[in-house]
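J.: Please read through the structure below; I'll follow up with questions.
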Protein chains: 2
Amino acid sequence: MKAAIMGYGTIGSGVAEVLRVNRDVIAKRVGEPIDVKYILDLREFPGDPEAGKLVNDVNVIVNDPEVKLVVETMGGVHPAYEFVRANLEAGKSVTTSNKALVADMGAELIKVARENQVNFMFEASVGGGIPIIRILQTCLTGDVVEEITGIVNGTTNYMMTEMTENGSDFDDVLKDAQSKGFAEKDPTADIEGYDASRKIAILTSIVAGQTVDYQDIPTEGITHIDSQDIRYASKMGRKIKLLARMVKTGDTYCCRVAPYLLPSEHPLYPVDGVFNAVFVKGNMLGDSMYYGSGAGKLPTASAVVGDVVAMAKHEKRHIFVDWKDEKLELSDPSEQTNRYFVRANKVHIFPDAKIIPAGVDNETGFVTSLLSEKEMKEKTELLGKVFKIIRFA
Amino acid sequence: MKAAIMGYGTIGSGVAEVLRVNRDVIAKRVGEPIDVKYILDLREFPGDPEAGKLVNDVNVIVNDPEVKLVVETMGGVHPAYEFVRANLEAGKSVTTSNKALVADMGAELIKVARENQVNFMFEASVGGGIPIIRILQTCLTGDVVEEITGIVNGTTNYMMTEMTENGSDFDDVLKDAQSKGFAEKDPTADIEGYDASRKIAILTSIVAGQTVDYQDIPTEGITHIDSQDIRYASKMGRKIKLLARMVKTGDTYCCRVAPYLLPSEHPLYPVDGVFNAVFVKGNMLGDSMYYGSGAGKLPTASAVVGDVVAMAKHEKRHIFVDWKDEKLELSDPSEQTNRYFVRANKVHIFPDAKIIPAGVDNETGFVTSLLSEKEMKEKTELLGKVFKIIRFA
């Protein structure tokens, strides 16, 4: 069976490597070997084992009837969308690791795949090597999913871990992460939570069967977290982590991306460094958690190849995915309740506040009782100087 | 679509409850509702919502062409085997939560299912609500699985957690577990590791594609673990847990069930109480871990119902499972290497030993360098009085 890879960057070259190194075991699982016939990229890769397969026109792939499986690892919405669509319409199954494409165009591309009796898969778009998409779609099918809470961004989890373990400052940790390749030159999408927000939008869409617009999700990054917050967190026996959450509320869902204070008994508490993990609560299953490498060349490529194997085993048989283009109205996040950790110069308007002594001058750190986002906002306006508010998980 | 449940004990009644409570969401996923038509049990259940469905002859189920889906939650190998086989031969798909049946007859029943173009599934036989079977069979398909290490027995994990957290003695913890329903009246299968050994045999069989006889797996329970071992473990920053392990060794695998000393950085270290978790290492994926309720009525029933949904969606279409009846020769466990924690009255024959001071009189606790099981056995014979040997994980 012949495959093509569009985009020969980190993930794309990882996919070629996984298919090469594990060729025999994959052939056994599929029933025949899978070989890469073309690699689409405008760059040249002299000396690369796959260099002879490079093409720079997507139509070479689209028009070759021998190619049945296509991998999209270019990134970005355009022209990835047009290239994926053209391949689906040409009767080829496509898998992508591209969360921007899936968050923006997932329902549309699933529809095109269905119309052409092929498959559009996207396991690697959330959680890297963690098979969370397939777990939700094919394993937890006896349950009503009541909550998903994910550490789905390795960059910010690495940074928060470093700040927690070494007491370092945000700016130093960011520079360190950039020098180690764990953060991009422009880290905005990661540290502002936009990456995590796309991922929880995708997970909520496949659970709800309708499209969640990530722009509807209240999203707060980690840029305001400082070493004093970390000190307070340690005093409380908690860790600050950037979480992407979805909670079922009646017939719809409430989503949020924000730093949260996790208690030590939470399954996500020990998840440190660049690792990712997704906590899922089902109405029958109870608590479960799935942990693995959230990024990195080979773990992500492994998830892509898992899709390639599934697509090869389901050639010309569309696997139904319940994700309609119809937009899902999320529930009003101001109704959500939380306990909050607050650093401010006044505390008296929170009669039930629990003071946290962490030896920081000219302010009081305290934890509120359970309040709705709306109540909290009203109280905050009366607070005077507020230095920080972080939610309890 | 009509289903039947054979065995209306804890899990069987849980399956009926999941199908009842989540009827609408399951109907949406399958395309039509799934209703229980018969429940096979010799007992009576007056007042139970399903009491009217009780039958006591398996042939009522076998001979009813309307029943397409059968759940086996009777336990034990016989007559479960005969009942499952008769249903498969009558063209019905069957799922079981019965690890004894799967460990003994898995390959055979898969073959019967294939011959009749139906499915035999067994997600709930390992890890309760953790979908580890489906993860290995349909998610991690791009990888060579190099290691599986599982906490797959909730009873022993609860007991080790209690001993670690409260410094309690083995016998007291066992009585407590029995009074809370976490251990059976006859706890042998759990505390001697036999339950865990069947489970790692099943997982290794589906990874290898051949049958692992659990009786070939060196199995050591937790009955010899005492509160002084726990004290040494704490001194080393480790926890003692009963692990079921499989490691790829060339073309075959090495399996073992035993108590191990887990370091704090291992993903399984925080898995406490009745929870289960399975660590899987792939050659491309790297480390991953899957965590959830390993037992209990509803979590286990949730896994069974996941299979029911899959079987309903694949009516009359056998899903290929690579598990042949042919016996797999495991590799020689005496070649396996480990570091060992030893309590003995001599230490001098281990020149690299690291002494662990835990204030226990008349003995020395120490950790060896990396040794094969064979080397360790030879040295142990020279040791004089040996009080305890526990492997490092």
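J.: Any idea how many residues of region A:108-119 are open to solvent by 10 Å² or more (accessible area, probe 1.4 Å), touching a residue at least 24 places away in the same chain (Cβ under 8 Å) and not basic (Lys, Arg)?
T.: Within region A:108-119, residues that are open to solvent by 10 Å² or more (accessible area, probe 1.4 Å), touching a residue at least 24 places away in the same chain (Cβ under 8 Å) and not basic (Lys, Arg) number 3.
J.: Scan region B:34-70 residue by residue and report those that are in contact (Cβ under 8 Å) with a residue 60 or more places away in the chain and either open to solvent by 60 Å² or more (accessible area, probe 1.4 Å) or outside any loop (DSSP other than H, G, I, E, B) (or both).
T.: Passing the criteria: B:GLU66, B:VAL67, B:LYS68, B:LEU69, B:VAL70.
J.: Would you pick out the residues in region B:110-149 that are of a type in the set (Asp, Glu) and in contact with a strand residue (DSSP E or B) (Cβ under 6 Å, 6 or more places away or on another chain)?
T.: The answer is B:ASP143, B:GLU146, B:GLU147.
J.: Now for a different question. Determine whether region A:95-102 contains at least one residue that is touching a residue at least 12 places away in the same chain (Cβ under 8 Å), within 14 Å of chain B (Cβ to nearest Cβ) and touching a Phe, Trp or Tyr at 6+ places or on another chain (Cβ under 8 Å).
T.: yes
J.: Then there's this: Restricting the search to region B:142-179, which residues are crowded, with 23+ Cβ neighbours inside 10 Å, within 14 Å of chain A (Cβ to nearest Cβ) and part of a loop (DSSP other than H, G, I, E, B)?
T.: B:GLY142, B:ASP143
J.: A further question follows. Among the residues of region B:202-223, count how many are out of contact with any Ser or Thr (no Cβ under 7 Å at 6 or more places or on another chain), part of a helix (DSSP H, G or I) and either within 14 Å of B:MET246 (Cα to Cα) or open to solvent by less than 50 Å² (accessible area, probe 1.4 Å) (or both).
T.: We begin by selecting, within region B:202-223, every residue out of contact with any Ser or Thr (no Cβ under 7 Å at 6 or more places or on another chain); these are B:203-204, B:206-210, B:213, B:215-216, B:218, B:220-221, B:223.
With part of a helix (DSSP H, G or I) added as a condition, the list becomes B:203-204, B:206-208, B:215-216.
Imposing the further condition that a residue be either within 14 Å of B:MET246 (Cα to Cα) or open to solvent by less than 50 Å² (accessible area, probe 1.4 Å) (or both) reduces the set to B:203-204, B:206-208, B:216.
Looking only at that region, the number is 6.
J.: Here is a further query. For B:SER97, state whether it is open to solvent by less than 30 Å² (accessible area, probe 1.4 Å) and touching a His at 6+ places or on another chain (Cβ under 8 Å).
T.: Against the criterion (open to solvent by less than 30 Å² (accessible area, probe 1.4 Å) and touching a His at 6+ places or on another chain (Cβ under 8 Å)), B:SER97 does not qualify.
J.: Moving on. Taking region A:299-311, which residues are in contact with a helix residue (DSSP H, G or I) (Cβ under 8 Å, 6 or more places away or on another chain) and either surrounded by fewer than 23 Cβ atoms within 10 Å (Cβ to Cβ) or within 8 Å of another protein chain (Cβ to nearest Cβ) (or both)?
T.: A:ALA301, A:SER302, A:ALA303, A:VAL304, A:VAL305, A:GLY306, A:VAL308, A:VAL309, A:ALA310
J.: If the requirement is being touching a residue at least 24 places away in the same chain (Cβ under 8 Å) and facing chain A (nearest Cβ under 8 Å), which of these qualifies: B:GLY286, B:GLY273, B:GLY296? So that I can check it myself, show each step before the final result.
T.: Values: B:GLY286 fails: touching a residue at least 24 places away in the same chain (Cβ under 8 Å); B:GLY273 fails: facing chain A (nearest Cβ under 8 Å).
That would be B:GLY296, the only listed residue that is touching a residue at least 24 places away in the same chain (Cβ under 8 Å) and facing chain A (nearest Cβ under 8 Å).
J.: Follow-up. Hey, can you tell me all the residues within region A:125-138 that are at the interface with chain B (Cβ under 7 Å from one of its Cβ atoms) and either open to solvent by less than 10 Å² (accessible area, probe 1.4 Å) or within 12 Å of the chain's Cα centre (by Cα) (or both)? Write out each step before concluding.
T.: Step one: filter region A:125-138 for residues at the interface with chain B (Cβ under 7 Å from one of its Cβ atoms), giving A:129-131, A:134-135, A:138.
Of everything in region A:125-138, those that are at the interface with chain B (Cβ under 7 Å from one of its Cβ atoms) and either open to solvent by less than 10 Å² (accessible area, probe 1.4 Å) or within 12 Å of the chain's Cα centre (by Cα) (or both) turn out to be A:GLY129, A:ILE130, A:PRO131, A:ILE135.
J.: If we scan region A:383-392, do we find a residue that is over 24 Å from A:PRO218 (Cα atoms) and assigned to a strand (DSSP E or B)?
T.: Within region A:383-392, not a single residue is over 24 Å from A:PRO218 (Cα atoms) and assigned to a strand (DSSP E or B).
J.: I'd like the full set of residues that are of a type outside the set (A, V, I, L, M) and surrounded by fewer than 24 Cβ atoms within 10 Å (Cβ to Cβ), limited to region A:180-194.
T.: Those that are of a type outside the set (A, V, I, L, M) and surrounded by fewer than 24 Cβ atoms within 10 Å (Cβ to Cβ): A:LYS180, A:GLY181, A:PHE182, A:GLU184, A:LYS185, A:ASP186, A:PRO187, A:THR188, A:GLU192, A:TYR194.
J.: Still on this model: If you scan region A:224-270, which residues turn out to be touching a residue at least 12 places away in the same chain (Cβ under 8 Å), open to solvent by 10 Å² or more (accessible area, probe 1.4 Å) and acidic (Asp, Glu)?
T.: Listed by number, the list holds a single entry, A:ASP226.
J.: Yes or no: B:GLU147 closer than 24 Å to B:ILE217 by Cα, acidic (Asp, Glu) and touching a residue at least 12 places away in the same chain (Cβ under 8 Å)?
T.: yes
J.: Please go through region B:144-194 and pick out each residue that is within 19 Å of B:VAL126 (Cα to Cα), in contact with a helix residue (DSSP H, G or I) (Cβ under 6 Å, 6 or more places away or on another chain) and not hydrophobic (A, V, I, L, M, F, W, C).
T.: B:ASN153, B:THR155, B:THR156, B:TYR158, B:ASP190 - these are the residues of region B:144-194 that are within 19 Å of B:VAL126 (Cα to Cα), in contact with a helix residue (DSSP H, G or I) (Cβ under 6 Å, 6 or more places away or on another chain) and not hydrophobic (A, V, I, L, M, F, W, C).
The values are calculated or read from the model by the stated rules, or taken from the named source; none is laboratory data. Just so we're clear, the structure is a prediction, and the values are computed from it rather than from any experiment. Cβ sites come from the backbone with ideal geometry, for glycine too, and all protein chains shown count toward neighbours. Heads up: the accessible areas ignore ligands, DNA and RNA and are worked out on the full protein's heavy atoms, side chains in. Shrake-Rupley method; radii C 1.70, N 1.55, O 1.52, S 1.80 Å.
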